[in-house]
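Bear in mind that the values in this text are calculations on the coordinates, not laboratory data. From a predicted model like this one, the values you see are computed outputs, not experimental measurements. Glycine gets a Cβ as well: all are built from the backbone with ideal geometry, and neighbour counts include every protein chain shown.
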Amino acid sequence: ELKAMMDDFRIIPAGRHLWASGVSGRQFLFNCHVSHWNEKITDHFDFTFMRLMEGGGVGTNYSSKYIDRYAAPKRELAVHIVCDPTHPDYEKMKESGIISTEFSHEWAGAFQVGDSREGWSAAMCDLLDTYFLDDVKHYNRVYNVTGVREEGRPLVSFGGTASGPLPLAIMLQEISEVINKRAAQQEKLNPLDMMEIDHSMACCVVSGG
C-alpha cells in the first residue's frame, strides 16, 4: 500500500531521502546535528564542518560555561594561500587578492590541501591547532590548494558541482582574522568568536551548494 501511494504521488519521502537515498554513506540521510565542546577545541569545528559538508544542519550551545574552558591562543598567525598558476581557478583567486605574494606553490613547507571533505577539514584543523600548540616555529601558515578541483566540476558521489578552492581559502583567512584579534590581546576566544568561526565555515559550505 505504501509503495502504491508513492507511485501515485499521494505521499512522497522526505526531501533528504529523495536526494540521498542510495548514495554511498548513510551520513547523508541525517538532517540535524548538535556539535559538542570537548577538551580539544578543534573537535567542535571538525565535527561541525564535516556535518555541514555532508548536507546536515548543525547547532550548538555557545554558553560561556562551555567556552571558558579553552586557553587563549598562544600566537598570531598569517595565512597564505598558494596555487599552481595552471589551475583553472588561479586567475579568479588572484583577482580576489587571496593568492600569497610571499610564497610559491612550489614551497615544500606548505600544507597540501586534499580534494575531499576530509582534506578541507584537515586544513582548517591544522590552522586551529597551530594557534594553541606550545612550540611553533613559523608565524606563516601556507596552504597549497592546487589539488582542489576547479569550480563547476561535478561531485560524482555527492551530487552538485564543486565550488573550487576560493571559498575554502576565504574561510581560512576569516578564521585567522577572528583568532588573531584575541591572540594580539592575549585573550580567550569568547562565544561570539566561536559563532563567527562557525559562520565562516557555513558560508564556505553554502558556496559549494
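Some points to look at:
- 0 to 90° range, to nearest 10: angle between helix 191-207 axis and the chain longest Cα axis: 60
- R0 of 30 Å, Cβ-Cβ distance Ser116-Lys40: FRET efficiency to nearest 0.05: 0.85
- For the chain, built as a Gaussian network whose Cα springs stay under 10 Å, the top-fluctuating residue of Trp37, Trp120, Trp19: Trp19
- Label-point separation, Trp107 to Ile11 (7 Å along Cα→Cβ), nm: 5.9
- Pairwise FRET efficiency - Arg69 versus Gln186, Cβ, R0 = 22 Å, nearest 0.05: 0.80
- Net length gained if the chain between Phe30 and Asn61 were fully extended (0.36 nm per residue, minus Cα distance): 9.2 nm
- Most fluctuating residue given options Arg117, Arg149, Arg51, as computed from a GNM of the chain linking Cα atoms under 10 Å: Arg117
- In the chain, a dipole from Cβ-located charges (positive for Lys and Arg, negative for Asp and Glu) runs towards its positive end, and of Phe49, Val148, Asn61 it is Asn61 whose Cα lies farthest in that direction.
- Cβ-placed point charges (K, R +1; D, E -1), dipole of region 38-114 about Cα centre in debye, nearest 20: 420
- Note, ³J(HN,Hα) from phi for region 65-76, Karplus 6.51, -1.76, 1.60, rounded to Hz, x at Gly and Pro: 5, 8, 7, 5, 5, 8, 6, 5, x, 8, 6, 8
- Size of electric dipole in the chain: Cβ of Lys, Arg +1 and of Asp, Glu -1, about Cα centre, debye, nearest 20: 440
- Fraction of antiparallel bridges per DSSP, the chain only, in percent to nearest 5: 10
- In degrees, nearest ten, helix 117-132 long axis to first principal axis of the chain (Cα): 30
- With Cα atoms, 0 to 90° folded angle of helix 166-185 axis to the chain main axis: 50
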